[in-house]
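The values are calculated or read from the model by the stated rules, or taken from the named source; none is laboratory data. Since this is a predicted model, take the numbers as computed values, not measurements. For neighbour counting, all protein chains shown are included, and Cβ atoms are generated from backbone atoms with ideal geometry for every residue, glycine included.
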């Protein structure tokens with residue numbers, strides 16, 4: 001059994017690589033893709049793409065279905081929910097500072113108008 | 001200059017490790033902490049903690065201020081905004097269930113803290 005913390009480890013680790021993020025991006029725009037279609041935009045060899053797909057599949061971020069010689073890849077972004085929920089905890093730091101910044105800008109603006 | 005993709009690489013890489021996530025969690029609950037305070041809950045040696053802090057500082061997620069012999073660590077969660085914005089693109093796949101998941105993650109976290 002993989003626990004909550006281990007799932008976060010795997011999700012964040014899968015998202016570290018720009019090629020893997022680009023693969024997920026492609027699958028977000030298209031319903032599904034073959035391995036060949038996914039490999040096409042990258043200047044890397046097919047085995048390297050296969051390795052990235054394995055990391056994504058192990059993290060539960062994609063599914064692979066084999067039909068004859070064709071492997072169809074689909075997005076399964078559910079693990080990202082947990083990653084996002086984890087990040088949400090920190091959201092108050094930048095939404096809070098944004099509010100303070102807005103208040104500061106408004107104060108400066110009214111000072112500027114009233115004071116001079 | 002570090003570009004958008006490289007910043008995402010560093011942020012996600014910094015978040016892969018559960019000790020680093022716990023350090024960020026501690027800094028989220030407390031305004032600031034010394035290196036000793038941050039090291040205290042973990043069964044790892046101080047140099048290992050220092051190494052984690054360097055990874056977090058390189059990713060721009062914390063700041064370290066030295067005063068005499070004391071190093072004060074503060075949270076700087078701004079890079080998480082970009083990581084969260086990246087994940088937001090996938091939100092439509094699970095929208096609605098994110099609120100429930102945040103509640104779930106928070107419950108798990110409080111169980112984990114209370115359970116020991």
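Structure data summary
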quantity	calculated
Qualifying residue in region B:30-41 (condition: out of contact with any helix residue (DSSP H, G or I) (no Cβ under 6 Å at 6 or more places or on another chain) and at pLDDT below 90)	yes
Residue match in region B:85-108 (condition: more than 11 Å from chain A (Cβ to nearest Cβ) and either at pLDDT 90 or above or not in a loop (DSSP other than H, G, I, E, B) (or both))	no
Residue count, region A:51-84 (criterion: part of a strand (DSSP E or B) and in contact with a helix residue (DSSP H, G or I) (Cβ under 9 Å, 6 or more places away or on another chain))	9
Boolean, residue A:113 is more than 16 Å from residue B:78 (Cα to Cα), modelled with pLDDT of 90 or more and surrounded by fewer than 18 Cβ atoms within 10 Å (Cβ to Cβ)	no
When residues of region B:62-81 are limited to those that are surrounded by 18 or more Cβ atoms within 10 Å (Cβ to Cβ) and within 13 Å of residue B:34 (Cβ to Cβ), the one nearest to the other protein chains (Cβ to nearest Cβ)	B:62
Residues satisfying the stated conditions in region A:12-56, i.e. in contact (Cβ under 8 Å) with a residue 40 or more places away in the chain, facing chain B (nearest Cβ under 9 Å) and crowded, with 18+ Cβ neighbours inside 10 Å	A:12, A:13, A:14, A:15, A:24
Any hit, region A:10-23, residues being at pLDDT 95 or above, more than 12 Å from the chain's Cα centre (by Cα) and under 30 Å from residue B:112 (Cβ atoms)	yes
